[in-house]
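Just so it is clear, none of the values below were taken in a lab; they were calculated from the coordinates. Owing to the predicted nature of the structure, the values given are computational and were not obtained by experimental measurement. Positions of Cβ are backbone-derived with ideal geometry, glycine not excepted, and every protein chain shown enters the neighbour counts.
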């Protein structure tokens, strides 16, 4: 049993990815607010460091560089009263062996339950809580506060202003095809919104730049703010939008961190995996008529059934009507 009052310094490990690291921010904040004497350190991969760069609840941010397979020397020489491993894989296990820690707590990934749901449609995750709550459940006798995600952006300024136009954000990218609402659907929705007097703003990282450029080119008056993974710039500009339309992706969680309503498309993935918008105004559109969902817990390069109905049957007309409901509610 953890005696929180006796803890002096703890380390949280969550190496990747963007969304998963954002989902850890309620745990960091809740720990620090409830036990302000505890020094909370965090270890993550270099490309996601912006999530915690300005976070006031972090004592020390440790960066794991891609080209360096060893952990920072200071990390290996620091004594920790508790290590919380939210990654819980082979790599994080190897890191834990190099640490001086009194106690370790591991995030229960429920891997078997996910495999049962994906491969055999045996659903033992019906009552599973959202991932931030499950992160907190890694600790005994600990609960999160009632707030959502944190993302502190320092002095970064937006390049758009909500007072000037009615902005709707589009974040059309995803690492996986089966988690991506079709480009033509984003175009159709964008043109409908354009006719209603809204201005579309495209958001995305380095891998999304071509897609954002193509969509922006086809929607009159739209603004392409895709960039080279400048997280803080994306976040502050999302804040200027009435809502963000997105896939089940890291950018969905960025919008949630900025307290912007989200309309999210869930294709090959389902709510039970726990990555739904957390404590933020949202609407999820998904096709619940299909027995083939989920076909993956992370996404696929193509639809295994060749029909892609999980996304194709979520029409732009439906998205338009639901988005108007979301904005006006």
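Structure data summary
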read-out: Pair residue 166, residue 305: separation of 7 Å Cα→Cβ label points (nm); value: 3.6 nm
read-out: Backbone N under 14 Å from the residue 6 label point (7 Å along Cα→Cβ), restricted to the stretch 58-102; value: 81-82, 102
read-out: Ranked 317, 73, criterion: other C-beta atoms within 10 Å, fewest first; value: 73, 317
read-out: Cα shape, the stretch 4-136, gyration tensor, a/c 1.5 rule; value: prolate
read-out: 222 nm mean residue ellipticity, helices alone, for the chain (DSSP H n ≥ 4; -39,500 (n - 2.57); rounded to 500); value: -8500 deg cm²/dmol
read-out: Overall form of the stretch 72-148 per C-alpha gyration tensor (a/c, 1.5; a/b vs b/c); value: oblate
read-out: Förster radius 41 Å - calculated FRET efficiency between residue 116 and residue 210, Cβ distance, rounded to 0.05; value: 0.65
read-out: Distance in nm between pseudo-label sites at residue 61 and residue 33 (7 Å out along the Cβ direction from Cα); value: 2.0 nm
read-out: C-alpha long axis of helix 111-120 to longest principal axis of the chain, angle in °; value: 30 degrees
read-out: Overall form of the stretch 167-328 per C-alpha gyration tensor (a/c, 1.5; a/b vs b/c); value: rounded
read-out: Label-point separation, residue 318 to residue 79 (7 Å along Cα→Cβ), nm; value: 5.9 nm
